[in-house]
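Participant: Take this structure first; my questions come after.
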Amino acid sequence: MITMLLRNRELTGFVLAYAAIAIAVCALAAGIDGPPAALWAGAAALAVGVLVAAETRARYRAIARMTSELERVLHGGRSLDIDHMSEGELAVLSNELSKMVARLNLTADRLGRERMALADALADISHQLKTPLTSLSITTELVRKRLVQRGGCSQEVERLHVIERLQLHIEQLVSSLLKLARLDAGAVELARQPVDVERLVAIAFEPLAVAYDIADVSFEHDIAAGTTFAGDLSWTAEAVTNILKNCMEHTPPGGRVRIRAWEDTLGCRITIEDNGTGISSGDLPHIFERFYRGSDSVSPGHGEGLSQVNPVGVGIGLSLAKSLITAQDGTIKASNIDESRHEGRGARFEITFFKSVV
C-alpha cells in the first residue's frame, strides 16, 4: 500500500485529504462533546479508512492484473484472461478490452492472409515475366550468333549485345522488385543466427568478381578475426552485394572499393568505401529512396545511339539493401569520405548490427 501511495499522486492526495477531514471531525467532536466523542469519531474514521483501503487495494490489484494481461497481448498474446474479474466497472472495461483484442486479432489474421496472397501473386507475376524474357534472351543470342557466322554487320551485332544486356537488366529489376514487394508484405522470414562477416563478404563479392575485373576496379577487405552478428546470412549478403555493385558502378577504372568490419561494445560495424567521385549533396538525402536515381545516372538509350546504353540501376539496389538491413534491426548510413582529414574522396556506407545485450 505504501508503494502505491508513493507511485500514485491521486491516491496520495486522497489519503491526505481523508486524514485531514478525519482530524478535523475528531477536533470538532472534541470541542462539542469532549474527548470521548473525539475517540469515537476517530475510531469510526479509522474503520471507514480500513474498509476504503481494502477496497482500493483490491481495485488496484485488479487493475494491475489487467495491465499485465494487456502487456502480454502487446507481446504476442492472442486473448485476455478475464476469468478472475467479477461484476463491476472493471469487469465491464475488461470485457470491452477483450472484445477489442478479438477484433484486432481478426484484423491481423486478415491482413496476414492478404500479405501472403500478395506475395503469392507477385511470385506468379515474376514467373510469368521471366518466362518470356528467357525466351527472348535465347532468341536474341541465336540471332546474334547467326549474324556472326554469316559475317553480319558489326553494328547490328553490337546492337544485339545491347539488347541482351538490357534483357538481363530487366530480369534483375524484376527480381529486385519481387524481393522488395515480399519484404513490404512481410512474407520474408529472416533468420536470426550467428553470421561470420568474413564468410558474408566472400559470398557477397563472389557474383561481382568478374564485373570488378571488367571495370578494372580492385576490391580490398579488412575483416577483424571473429567478427560476427546475429542475422540472416543470405539476405544480408544480398544487401552487401547491392552496395558493392553501386560502389563499383561509381568508381572509375583503376579505382578501388574497400570493405572493413569489426566489433565493438555496441555491435558489429561494416564499412564499405570507394574512391570515386562521391555522392553529391543533392543526392545524399535521397540515396536510399526507392526508384531514386542520382544526378550522375545515365538513362538507357541516352546518347548518340543505342550503343551508348549504360543501365546504372533504377534506384532499387540501395533501397533493397536498406530494407534488408533494417528488417534485421540494423542501420545503414551513407556519407562522403572527409577529404579534410586527408582520407581521400569517395562514398562511404556504414552498416551497424547492434548487439541485443550490451
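Participant: Being small (Gly, Ala, Ser), surrounded by 13 or more Cβ atoms within 10 Å (Cβ to Cβ) and either within 30 Å of ARG59 (Cα to Cα) or at pLDDT 75 or above (or both) is the requirement here; does SER137 meet it?
Facilitator: Against the criterion (small (Gly, Ala, Ser), surrounded by 13 or more Cβ atoms within 10 Å (Cβ to Cβ) and either within 30 Å of ARG59 (Cα to Cα) or at pLDDT 75 or above (or both)), SER137 qualifies.
Participant: Cβ-Cβ distance below 9 Å, separation of 6 or more or different chains: which pairs start in segment 102-119 with a residue that is more than 14 Å from ALA181 (Cα to Cα) and end on one that is of a type in the set (S, T, N, Q)?
Facilitator: Partner pairs satisfying both residue conditions: ALA102/SER79; ASN105/SER79.
Participant: Right, another one. Kindly indicate whether LEU51 is exposed (fewer than 11 other Cβ atoms within 10 Å of the Cβ) and more than 23 Å from LEU11 (Cβ to Cβ).
Facilitator: No.
Participant: Still on this structure, I have one more. Only one of VAL195, VAL188 is outside any helix (DSSP H, G or I), of a type outside the set (D, E, K, R) and in contact (Cβ under 8 Å) with a residue 60 or more places away in the chain. Can you tell me which?
Facilitator: VAL188
Participant: Being in a helix (DSSP H, G or I) and basic (Lys, Arg) is the filter here; which residues of segment 100-157 pass it?
Facilitator: ARG103, ARG110, ARG113, ARG115, LYS130, ARG144, LYS145, ARG146
Participant: Have a look at ALA204, ALA225, ALA209 and point out the one that is under 21 Å from ASP329 (Cβ atoms) and either modelled with pLDDT of 90 or more or outside any helix (DSSP H, G or I) (or both).
Facilitator: ALA204
Participant: Also: Taking the stated definitions as given, is ALA230 in contact with a Leu (Cβ under 6 Å, 6 or more places away or on another chain) and surrounded by 14 or more Cβ atoms within 10 Å (Cβ to Cβ)?
Facilitator: Here the answer is no, as ALA230 does not meet what is asked.
Participant: Have a look at ALA211, ALA237, ALA224 and point out the one that is exposed (fewer than 15 other Cβ atoms within 10 Å of the Cβ), among the hydrophobic types (A, V, I, L, M, F, W, C) and either farther than 20 Å from GLY346 by Cα or not assigned by TED's automatic domain parsing to the domain that holds GLY330 (or both).
Facilitator: That would be ALA224, the only listed residue that is exposed (fewer than 15 other Cβ atoms within 10 Å of the Cβ), among the hydrophobic types (A, V, I, L, M, F, W, C) and either farther than 20 Å from GLY346 by Cα or not assigned by TED's automatic domain parsing to the domain that holds GLY330 (or both).
Participant: Considering (1) crowded, with 17+ Cβ neighbours inside 10 Å; (2) at pLDDT below 90; (3) in contact with a Lys or Arg (Cβ under 8 Å, 6 or more places away or on another chain), say which one PHE219 fails and leave the rest.
Facilitator: For PHE219, the failing item is (2).
Results for (1) of a type in the set (D, E, K, R); (2) modelled with pLDDT of 75 or more, shown as yes or no for each residue.
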| site | (1), (2) |
| --- | --- |
| CYS26 | no, yes |
| GLY31 | no, yes |
| LEU39 | no, yes |
| GLY49 | no, yes |
| ALA58 | no, yes |
| GLY77 | no, no |
| ILE82 | no, no |
| GLU96 | yes, no |
| ASP109 | yes, yes |
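Participant: How many residues are surrounded by 13 or more Cβ atoms within 10 Å (Cβ to Cβ) and either in contact with a Lys or Arg (Cβ under 8 Å, 6 or more places away or on another chain) or of a type in the set (Val, Ile, Thr) (or both) when one looks only at segment 25-48?
Facilitator: Qualifying residue count for the region: 1.
Participant: Could you say which residue among ARG144, ARG165, ARG199 is surrounded by 12 or more Cβ atoms within 10 Å (Cβ to Cβ), touching a helix residue (DSSP H, G or I) at 6+ places or on another chain (Cβ under 8 Å), farther than 22 Å from ASP329 by Cα and not hydrophobic (A, V, I, L, M, F, W, C)?
Facilitator: After applying the criteria, what remains is ARG144.
Participant: For segment 208-222, does any single residue satisfy the condition of being closer than 21 Å to PHE353 by Cα and out of contact with any Pro (no Cβ under 9 Å at 6 or more places or on another chain)?
Facilitator: yes
Participant: Can you confirm whether LEU190 is surrounded by 14 or more Cβ atoms within 10 Å (Cβ to Cβ) and among the aliphatic types (A, V, I, L, M)?
Facilitator: Yes, satisfied.
The values are calculated or read from the model by the stated rules, or taken from the named source; none is laboratory data. Keep in mind the model is a prediction, meaning the values are calculated, not measured. Here Cβ is always computed from backbone atoms with ideal geometry, including for glycine, and neighbour counts include all displayed protein chains.
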